[in-house]
1. Extension gain residue 142-residue 254, at 0.36 nm per residue separation less the Cα-Cα distance, in nm?
2. Check the straight Cα-Cα distances from residue 65 and name the lysines below 28 Å, setting aside those fewer than 8 residues away within the same chain.
3. Could you tally the net charge around residue 67, taking each other residue with its Cβ under 14 Å from the Cβ of residue 67, Lys/Arg +1 and Asp/Glu -1?
4. With the Cα gyration tensor of the stretch 88-149 giving a ≥ b ≥ c as the square roots of its eigenvalues, does the rule (a/c under 1.5 for rounded; else a/b larger than b/c for prolate; else oblate) give rounded, prolate or oblate?
5. Order the peptides 41-50, 165-174 from the highest to the lowest mean number of other Cβ atoms within 10 Å of their residues.
6. Name all residues of the stretch 50-93 having a backbone nitrogen under 11 Å from the label point set 7 Å from the Cα of residue 8 along its Cα→Cβ direction, giving them as ranges.
7. Quick one: putting +1 on the C-beta of Lys and Arg, -1 on the C-beta of Asp and Glu, what dipole do you get for the stretch 1-128 around its Cα centre, in Debye to the nearest 20?
8. Using a 1.4 angstrom probe on heavy atoms only, work out the carbon and sulfur share of the accessible area of the stretch 126-238 in %.
Amino acid sequence: MADLFADMPANVSFHGVDLKHQSLREIVAGLGRFDLVADMHGVWRSLYIRTIMRLRGAKVRTIRKDRFSRFLLTHHISRKPLKHSVLRYGEVLHGLELPASAMKHSCKTEGEGIGIAPFAAHQGKIYPLERMERVVELLSKQGEKIVLFGGGEKEKEILEAWVTKYPNVESVAGKYTLGEEMELMRGLRVMVTMDSANMHLASLVGTRVVSIWGATHPDAGFMGYGQSQNDCIQRDLPCRPCSIYGKKKCKFGDYRCMDIKPEEVVGKVKGER
């Protein structure tokens with residue numbers, strides 16, 4: 001994740017840890033002493049780290065996730081939009097008496113080509129692949145240059161199959177580092193994504209995103225930062241959102257929240273309202 005910090009100011013340095021091969025004890029032992037600790041994650045691992053750092057004398061502040069409001073949203077008791085996570089990060093820094101404010105951030109509309117990232121961590125957040133392939137087909141027929149993004153071996157096979165079927169389509173899955181993929185996104189006119197990491201990566205480099213939402217919802221506070229609500233494609237159903245992160249299986253079994261026509265996605269990409 002070091003590439004995410006590539007554009008930080010000169011007085012910010014990045015120190016990475018290896019979560020796969022280092023224990024929490026080893027990670028904390030290598031951190032040394034700090035005056036201030038901002039826990040932006042708020043999970044059990046970060047609880048361990050911040051507790052040790054507090055015992056070493058550091059001032060610690062932790063993100064407030066407001067789980068009760070999330071419960072109200074996912075159980076359809078309240079439809080009040082939750083605070084964006086970026087603003088919650090800013091609150092952590094304010095608690096450490098650090099001058100921090102969410103920067104004004106808007107996404108560009110110029111660039112060349114359309115990026116498409118059709119995958120996500122959970123099924124409830126993935127637009128049916130046969131429909132996404134239809135989106136690729138329609139945009140390809142219109143002469144659009146399309147760049148496909150993905151990760152695992154199975155994803156690469158699916159994307160390469162689309163490349164062979166439609167002209168002006170390229171897959172970069174597994175070919176570049178995270179930083180290189182972000183630079184590719186920076187040069188695109190628009191990215192089409194799920195509620196996924198690619199939505200946030202494109203937002204970070206200032207590229208417009210057309211995002212497709214199913215089990216999750218932009219009102220939970222995780223919409224791409226600086227993106228427009230008008231570019232979120234979603235069905236207004238009483239069962240949405242059924243979860244914050246999209247892990248739950250559809251109680252109906254049909255993921256009706258993803259009943260979105262490919263033509264609607266293409267229209268949104270082309271700027272039609």
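1. Working: separation 112, 0.36 × 112 = 40.32 nm, distance 3.12 nm.
So the extension gain works out to 37.2 nm.
2. Straight-line reach from residue 65, under 28 Å: 20, 80, 83, 104, 125, 247, 248, 249, 251.
3. On the way: positive: 64, 65, 70, 83, 88; negative: 66.
Here the count lands on +4.
4. Working: a/c = 5.35, a/b = 2.01, b/c = 2.66.
Because a/c hits 1.5 or more and a/b fails to exceed b/c, the stretch 88-149 counts as oblate.
5. On the way: 41-50: 14.0, 165-174: 16.3.
The packing order, highest mean first, is 165-174, 41-50.
6. In the stretch 50-93, the label zone of residue 8 (backbone N under 11 Å from the point 7 Å along Cα→Cβ) covers no residue.
7. Working: 20 positive and 11 negative charges, 159 e Å.
Value, rounded to 20: 760 debye.
8. Numbers: 2360 of 4560 Å².
Summing carbon and sulfur atoms, their accessible area is 52 percent of the total for the stretch 126-238.
The values are calculated or read from the model by the stated rules, or taken from the named source; none is laboratory data. Because the structure is a prediction, the values reported are computed rather than measured. Every residue, glycine among them, receives a Cβ derived from its backbone with ideal geometry; neighbour counts consider all protein chains shown. When the accessible area is computed, the model is the full protein with side chains, heavy atoms only, and any ligands, DNA or RNA have been set aside. Shrake-Rupley method; radii C 1.70, N 1.55, O 1.52, S 1.80 Å.
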